[in-house]
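The values are calculated or read from the model by the stated rules, or taken from the named source; none is laboratory data. Keep in mind the model is a prediction, meaning the values are calculated, not measured. Virtual Cβ from ideal backbone geometry, glycine too; neighbours counted across all protein chains shown.
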Amino acid sequence: MAAAAADLVGVDPIPDEELIKKVEGGDEAAFEVLYERYFPRVHRFVDRRMRNRADTEEIVQEVFINVFSSLGSYRGEAPFAAWVLGVTRRTIASRFKKKQHKTVPLEGVEESGILNLTMPTIQREPTPLEHYECEERIRRLEQAVARLTREQRTLFELHHLRNRPIQELAQTLRKTEDAVKSNLYRARKLLLT
């Protein structure tokens, strides 16, 4: 516990890699330091996604059990904080998979399996899983969009959102159709990863 206190005060904090080796060697104080160091980040990350105190506390504990039980798989290729947040994401996702509810037939689906679009739909709040998945998709899409070049963004918008034909884009930008197609392909590939 003294090591934890010294680490939190900021007196030459022990590097994560050194603490990991000590934890693997059975050092409980090193375990405490890592726990205290990463608890606030993990708690904030989970709380923003769950918005339920009981679930947040339960998941945070599960995260640290997963972190410390799989500590041997940390290879040091990325910062330890990134690895811990990866474990956190996977823990949240696996928890949602465990809680998936049975599906029920949609109201308005006729016996032929075709949805009757004239029947009013019931609006409901998204589940925590749907909310989490949506936030994750938005985050990944924003990262992908940031990697697009200005030309790729423009081409994507004009072709896919404004339905401009490739021929017209090639003439407007004074490029070959193959160059336009190639840029569009690269843009789609970035957005789909």
Quick one: in the stretch 68-82, which of the residues that are closer than 15 Å to K21 by Cβ and part of a helix (DSSP H, G or I) is farthest from the chain's Cα centre (by Cα)? G72
When the stretch 146-193 is checked residue by residue, the ones that are out of contact with any helix residue (DSSP H, G or I) (no Cβ under 7 Å at 6 or more places or on another chain) and closer than 25 Å to A93 by Cβ are A146, K189, L192
Conditions (1) farther than 20 Å from E135 by Cβ; (2) assigned to a helix (DSSP H, G or I); number of the one not met by G26: (2)
Would you confirm whether any residue within the stretch 43-50 is closer than 22 Å to H131 by Cα and either surrounded by fewer than 16 Cβ atoms within 10 Å (Cβ to Cβ) or at pLDDT below 80 (or both)? yes
